[in-house]
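Structure, as structure tokens:
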Amino acid sequence: MRITFLGTGTSQGVPVIACGCEVCQSLDFRDKRLRVSIHLEIADKSFVIDTGPDFRQQMLRERIHKLDAVIFTHEHKDHTAGLDDVRAYNFSQKRDMPIYARPSVLEQIQQEFAYAFTAIKYPGTPQITLNEIHNTPFEVEGITFTPIEVLHFKLPVYGFRIGDFTYITDVNHISDEAIEKVKGSKIVVIGALRKEKHLSHFTLSEAVEVLDKIQPEQAFITHISHQMGLHRDVDEELPAYIKLAYDGLSVTC
């Protein structure tokens with residue numbers, strides 16, 4: 001499996017519009033963060049988890065010419081807003097794009113992109129097939145995804161375990177039961193917004209504490225805000241097995 005970080009930023013991205021902080025003014029490419037998303041290549045299958053506002057730019061940058069399905073973690077705009085651009089794959093692959101999400105997320109998507117689900121569609125609108133998922137393992141193109149339910153303040157969010165890889169983004173609470181589902185993963189990705197306490201996201205130290213319980217071989221931090229600090233400085237503070245992810249980073253599992 002090859003995992004590519006399409007975006008590692010929070011809802012505003014980095015740099016933030018009109019911000020003059022040292023992170024937003026940094027020339028280090030690792031401090032340039034599009035909205036959070038990953039691409040998975042498993043054998044000859046191609047999946048994306050979440051289509052944020054930067055989806056088009058991310059897919060062009062990584063030259064992803066084939067996409068078999070999209071899987072959603074939750075319904076927030078920074079994770080869904082780019083869905084319209086799957087129509088490029090409709091045209092090139094000559095088929096509908098299957099998307100997978102819990103019922104509440106599918107309902108939100110149908111409201112947000114209502115024009116794609118009307119009985120009489122304008123030519124060229126996205127062609128999407130809706131697939132409900134629940135807190136049990138499901139298959140996409142023969143690949144098993146195991147949901148890891150976490151909380152993002154009071155909103156249930158799905159992370160996903162695929163083989164020896166686990167991906168969790170917006171989170172401020174993980175139950176002991178969910179941690180047990182993650183244990184044994186070789187690579188774990190988890191969201192941490194900044195170092196200071198936040199209502200709906202882990203701080204860096206909270207994420208490290210959870211990772212220390214899981215003990216993967218490698219771990220990466222994602223969903224990072226400009227308040228986290230410069231990539232080069234924060235990376236040096238972390239345990240050896242944990243790194244900050246950055247846009248375009250690819251790892252194999």
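The values are calculated or read from the model by the stated rules, or taken from the named source; none is laboratory data. Worth saying up front: this structure is predicted, and the values here are computed from it rather than measured. Neighbour counts are summed over all protein chains in view; Cβ atoms, including those assigned to glycine, are modelled from backbone coordinates with ideal geometry. Side chains included, ligands, DNA and RNA excluded: accessible areas come from the protein's heavy atoms. Shrake-Rupley method; radii C 1.70, N 1.55, O 1.52, S 1.80 Å.
Against the main long axis of the alpha-carbon atoms of the chain, helix 204-214 sits at an angle near 80°. Its Cα centre serving as origin, the stretch 129-186 has a Cβ charge dipole (Lys and Arg +1, Asp and Glu -1) of approximately 160 debye. If you fit an axis through the alpha-carbon atoms of helix 103-112 and take the longest principal axis of the Cα set of the chain, what angle between them do you get, 0 to 90°, nearest 10? Here the helix axis deviates by roughly 70 degrees. For the stretch 1-49, the square roots a ≥ b ≥ c of the C-alpha gyration tensor eigenvalues yield an a/c of 1.5 or more together with a/b exceeding b/c, which makes the shape prolate. Within the listed set Phe72, Phe145, Phe202, the Gaussian network model of the chain (springs between alpha-carbon atoms below 10 Å) gives the highest mean-square fluctuation for Phe145. Rounded, prolate or oblate: which fits the stretch 31-123 when a ≥ b ≥ c are the square roots of the eigenvalues of the alpha-carbon gyration tensor, with rounded for a/c under 1.5 and prolate only if a/b beats b/c? Here the stretch 31-123 falls in the oblate category. For Ser46, the accessible area of its heavy atoms, probed at 1.4 Å with every protein chain present, is near 10 square angstrom. Take every pair of alpha-carbon atoms less than 8 Å apart whose residues are at least six positions apart; their mean separation over the length of the stretch 83-196 yields a relative contact order of 18 percent.
Computed about its Cα centre, the charge dipole of the stretch 41-151 is approximately 440 debye, with only Lys, Arg, Asp and Glu carrying charge at their Cβ. With contacts taken as Cα pairs under 8 Å and at least 6 residues apart, the chain reaches a relative contact order of 20 percent.
Largest GNM mean-square fluctuation among Arg33, Arg161, Arg61, using the chain with Cα springs under 10 Å: Arg61.
Highest mean packing comes first when the peptides 203-214, 172-183 are listed by Cβ atoms within 10 Å, giving 203-214, 172-183. Working from Cα pairs under 8 Å separated by at least six residues, relative contact order for the stretch 1-138 is 19 percent. When Rg and the Kirkwood Rh are both derived from Cα coordinates, the Rg/Rh ratio for the stretch 132-192 amounts to 0.95. Tell me the carbon and sulfur percent of the accessible area for the chain, rounded to whole percent, probe radius 1.4 Å. Ligands and nucleic acids excluded, carbon and sulfur give 51 percent.
Among the listed options (i) 20.3; (ii) 19.7; (iii) 18.3, the one matching Kirkwood radius over Cα pairs in Å as calculated from these coordinates is (iii).
On a per residue basis, the stretch 134-190 carries 40 Å² of accessible surface, using protein heavy atoms and a 1.4 Å probe.
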